[in-house]
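Chemist: Handing you this structure, nothing more for now.
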């Protein structure tokens with residue numbers, strides 16, 4: 001039987017399925033309150049944007065779906081854990097969320113107990129759970145975790161000591177944001193400006209843009225990734241041979257799975273994620289989960305070395321629930337079904 005506290009955590013279960021592309025939802029939740037959201041709040045879109053002034057002429061860019069066979073170690077619906085551990089993982093994700101939103105002296109004991117319960121069922125599941133928990137401790141629970149903020153200067157001086165390798169073994173991964181009238185909103189342009197600064201500072205690195213067809217009135221079916229790549233190449237002067245695109249992603253979990261296909265095919269061993277500041281922790285947690293599963297599945301190891309943020313407050317309040325989005329999508333990635341996650345939200349309503 002699910003614990004009643006699970007209800008509060010997964011009241012946002014429809015978020016990752018109803019909102020498009022990474023930055024549309026997610027970010028930091030205030031640590032002094034546990035918030036619930038109604039369905040209408042969950043499905044809100046962004047505020048009216050500034051229109052983009054992109055050059056829309058065709059620009060050559062590497063589309064991985066057209067040029068290379070995909071490597072897919074798993075999908076969002078494949079099972080990665082033992083069924084007997086489903087409830088244990090849900091409890092762990094719940095306790096991780098509460099440790100962030102309403103921290104207490106008993107948090108570590110709860111998390112340790114959750115991990116031991118998982119371990120009693122499967123040592124392999126424990127390895128995955130421990131990796132997820134350790135990363136959560138780092139990006140959500142460690143008060144010393146730093147978000148590196150783009151300051152508008154070329155050369156990304158804020159990241160000079162981040163350990164980024166200036167080679168094709170390192171990739172800058174840019175997470176998209178919902179289009180409006182088929183064009184990029186100002187927030188996505190801000191992320192791209194940050195990424196361009198980083199790309200100029202590390203000219204040998206690869207660049208991956210991720211995001212599918214999103215937003216209202218997108219009659220031409222523009223994808224976030226395609227417009228992102230055009231902006232980087234045409235407006236920022238980035239070499240098109242460095243740029244790869246994923247035009248399928250509609251959630252942060254999609255971003256991770258799809259971009260990892262590209263990264264693995266090109267032997268990338270480390271990444272810097274670029275997104276909005278309120279979205280970074282969620283993105284880091286989701287990408288780490290996918291990285292751990294890939295390592296356990298194939299031995300391919302990829303590390304998130306640094307983060308680089310376009311600093312902005314979310315335009316819609318629900319977007320602040322980044323820890324809950326992360327918990328939901330981690331559950332989705334490891335094999336908990338949509339039905340299981342929705343049931344967790346509805347049982348005690």
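The values are calculated or read from the model by the stated rules, or taken from the named source; none is laboratory data. Since this is a predicted model, take the numbers as computed values, not measurements. Glycine also receives a Cβ, built like all others from the backbone with ideal geometry; neighbour counts cover every protein chain displayed.
Chemist: Can you name the condition, by its number, that residue 182 falls short on among (1) under 23 Å from residue 156 (Cα atoms); (2) surrounded by fewer than 22 Cβ atoms within 10 Å (Cβ to Cβ); (3) touching a residue at least 40 places away in the same chain (Cβ under 8 Å)?
Modeler: Failed condition: (1).
Chemist: Return yes or no: is residue 300 over 20 Å from residue 186 (Cα atoms), in contact with a helix residue (DSSP H, G or I) (Cβ under 9 Å, 6 or more places away or on another chain) and without any contact (Cβ under 8 Å) to a residue 24 or more places away in the chain? Let's see the steps before the verdict.
Modeler: Details: over 20 Å from residue 186 (Cα atoms): yes; in contact with a helix residue (DSSP H, G or I) (Cβ under 9 Å, 6 or more places away or on another chain): yes; without any contact (Cβ under 8 Å) to a residue 24 or more places away in the chain: no.
In short, no.
Chemist: Moving on. Out of all the residues in the range 215-245, which are more than 22 Å from residue 260 (Cβ to Cβ) and in contact with a strand residue (DSSP E or B) (Cβ under 6 Å, 6 or more places away or on another chain)?
Modeler: If the condition is that a residue be more than 22 Å from residue 260 (Cβ to Cβ) and in contact with a strand residue (DSSP E or B) (Cβ under 6 Å, 6 or more places away or on another chain), then 215, 221 are the ones that fit.
Chemist: What are the residues in the range 173-211 that are in a loop (DSSP other than H, G, I, E, B) and closer than 21 Å to residue 278 by Cα, if any? Give the derivation first.
Modeler: Applying the first criterion (in a loop (DSSP other than H, G, I, E, B)) to the range 173-211 yields 176-179, 181-182, 184-185, 202-205, 211.
Answer for the range 173-211, where residues must be in a loop (DSSP other than H, G, I, E, B) and closer than 21 Å to residue 278 by Cα: 176, 177, 178, 179, 184, 185, 211.
Chemist: Pairs, please: C-beta under 6 Å, at least 6 apart or cross-chain, first residue over 22 Å from residue 99 (Cβ atoms) and in the range 327-349, second at pLDDT 90 or above and surrounded by 14 or more Cβ atoms within 10 Å (Cβ to Cβ)?
Modeler: 335/80; 335/81
Chemist: Check 217, 161 and return the single one that is more than 18 Å from residue 273 (Cβ to Cβ), out of contact with any helix residue (DSSP H, G or I) (no Cβ under 7 Å at 6 or more places or on another chain) and part of a loop (DSSP other than H, G, I, E, B).
Modeler: Details: 161 fails: more than 18 Å from residue 273 (Cβ to Cβ).
Exactly one residue qualifies, and that residue is 217.
Chemist: From the list 238, 233, which one is in contact with a helix residue (DSSP H, G or I) (Cβ under 7 Å, 6 or more places away or on another chain), in a helix (DSSP H, G or I) and either surrounded by fewer than 24 Cβ atoms within 10 Å (Cβ to Cβ) or without any contact (Cβ under 8 Å) to a residue 40 or more places away in the chain (or both)? Walk me through how you get there before you give the answer.
Modeler: On the way: 238 fails: in a helix (DSSP H, G or I).
So the residue among 238, 233 that is in contact with a helix residue (DSSP H, G or I) (Cβ under 7 Å, 6 or more places away or on another chain), in a helix (DSSP H, G or I) and either surrounded by fewer than 24 Cβ atoms within 10 Å (Cβ to Cβ) or without any contact (Cβ under 8 Å) to a residue 40 or more places away in the chain (or both) is 233.
Chemist: Based on this model, can you work out whether residue 212 counts as touching a residue at least 24 places away in the same chain (Cβ under 8 Å), at positive phi and surrounded by fewer than 24 Cβ atoms within 10 Å (Cβ to Cβ)? Break it down into steps so the answer makes sense when it comes.
Modeler: On the way: touching a residue at least 24 places away in the same chain (Cβ under 8 Å): yes; at positive phi: no; surrounded by fewer than 24 Cβ atoms within 10 Å (Cβ to Cβ): yes.
For residue 212, the condition - touching a residue at least 24 places away in the same chain (Cβ under 8 Å), at positive phi and surrounded by fewer than 24 Cβ atoms within 10 Å (Cβ to Cβ) - is not met.
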